[in-house]
1. In the range 228-242, which residues are open to solvent by less than 50 Å² (accessible area, probe 1.4 Å) and without any contact (Cβ under 8 Å) to a residue 40 or more places away in the chain?
2. Restricting to the range 217-276, give me the number of residues that are of a type in the set (Asp, Glu) and closer than 30 Å to Pro197 by Cβ.
3. With respect to Pro264, is the statement that it is of a type outside the set (A, V, I, L, M, F, W, C) and in a loop (DSSP other than H, G, I, E, B) true?
4. Please go through (1) open to solvent by less than 20 Å² (accessible area, probe 1.4 Å); (2) more than 17 Å from the chain's Cα centre (by Cα); (3) touching a residue at least 12 places away in the same chain (Cβ under 8 Å) for Cys220 and return the number of the only condition it doesn't satisfy.
5. Considering the range 128-149 alone, what residues qualify as being at pLDDT 75 or above and either hydrophobic (A, V, I, L, M, F, W, C) or open to solvent by 70 Å² or more (accessible area, probe 1.4 Å) (or both)?
6. Hey, Pro292 hits all of (1) more than 24 Å from Thr180 (Cα to Cα); (2) open to solvent by 40 Å² or more (accessible area, probe 1.4 Å); (3) of a type outside the set (Gly, Ala, Ser); (4) without any contact (Cβ under 8 Å) to a residue 24 or more places away in the chain but one; which does it fall short on?
7. Kindly provide the set of residues from the range 258-275 that are surrounded by 15 or more Cβ atoms within 10 Å (Cβ to Cβ) and of a type outside the set (A, V, I, L, M), ordered by number.
8. Of the numbered conditions (1) outside any helix (DSSP H, G or I); (2) open to solvent by less than 20 Å² (accessible area, probe 1.4 Å); (3) closer than 26 Å to Ile116 by Cα; (4) of a type outside the set (A, V, I, L, M, F, W, C), Pro200 fails exactly one; give the number of that condition.
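The values are calculated or read from the model by the stated rules, or taken from the named source; none is laboratory data. If you're wondering where the values come from, they're calculated on a predicted model, not measured in any experiment. Here the Cβ is made from the backbone with ideal geometry for all residues, glycine too, and neighbour counts use every protein chain on show. Heavy atoms of the whole protein, side chains included, go into the accessibility calculation; ligands, DNA and RNA do not. Shrake-Rupley method; radii C 1.70, N 1.55, O 1.52, S 1.80 Å.
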Amino acid sequence: RVHDRACPSGVDFLDTGRAPICANGVRTTAVLSTTTSVTTSSSFSNSMRTSLQRVGSACAQGLGRLPFPCSAGSAVLLRQSSTQPSKVPKFQYLSAWFCPYAHRCTLALEHHRGFIEWEWVEALGWESRPSAVGEEHDQRTEEHFYHWKSPDLLRHNPSGLVPTLVDTQSQRSVVESLVTIQFVDEVARAAGSTAPPLLPLDLIERARARVWADAVNRSCCSPYYGVLVKADEEGRRESMQALLKGISTFCKEMRGPFFSGTSPSLVDYALLPWAYRYYVLPHYKGPEYAVPREGETARFHDWLPPPGAPPPAGGAP
């Protein structure tokens with residue numbers, strides 16, 4: 001079994017009665033579709049086909065010949081994946097059009113379009129209604145906007161957060177944005193997706209991607225809000241310096257045009273929804289809050305698709 005308390009995408013495909021484990025150690029109510037075939041069609045690169053062939057051969061001959069460190073559970077996972085029929089998994093996608101956390105999951109779904117089906121449901125927003133006259137400390141009498149969360153969202157995710165993926169058959173749910181990227185990747189690949197994997201096949205590289213996705217979340221996403229909302233100039237500049245440091249580190253750790261090589265990965269999709277929003281910082285706070293195009297952050301601009309261009313993705317042809 002391949003459970004990983006640090007990152008719940010390490011899921012035991014062969015034991016679908018058990019739920020994966022969240023980063024905080026609590027089991028989620030996630031579900032996996034039946035493990036299905038791994039495709040090696042012509043849309044894969046030669047290196048990808050070779051890697052999968054080596055994995056399949058090693059699994060057939062014994063664990064000692066795996067091309068990378070691998071547990072018995074993950075070897076069985078790969079062997080089972082190569083023998084069962086394909087089936088497109090279906091999910092209800094509880095999302096919000098404005099939320100960058102939800103956009104992480106959207107990128108993963110689009111990356112594997114054609115090998116996973118989803119129904120988008122707007123589940124988070126605002127509604128206008130009269131103030132609750134008579135409530136303590138509420139002196140308002142006009143209509144006001146109130147935060148709204150759909151009943152479906154609260155039923156499947158009591159925290160009321162998006163993205164939340166709900167399996168249409170079992171009604172189990174998968175939550176947390178970074179977790180949903182990994183979950184979608186693993187489920188779509190099990191369904192035969194020909195898109196490049198978002199989690200590297202090499203298990204050490206996969207662990208590295210998980211670590212850096214969390215690091216990007218803390219160093220390149222959280223400081224963004226500090227720049228926008230802090231009232232004092234010193235506080236804003238401090239958040240901006242933290243943001244630039246995070247972007248610089250991301251650039252130094254890149255191993256190709258994308259973080260993990262030649263195709264988008266978990267780390268790229270963890271950052272991209274915020275990277276697309278960085279332009280609002282100089283717009284609202286001044287030109288000194290732009291990400292420099294020279295020096296340690298120059299590579300960031302080469303990585304980021306230009307305005308109007310579709311985000312990097314895989315998906316069906």
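1. Gly235, Ser239, Ala242
2. 2
3. yes
4. (2)
5. His147, Trp148
6. (4)
7. Result: Phe258, Phe259, Ser260, Gly261, Ser263, Pro264, Ser265, Asp268, Tyr269, Pro273, Trp274.
8. (2)
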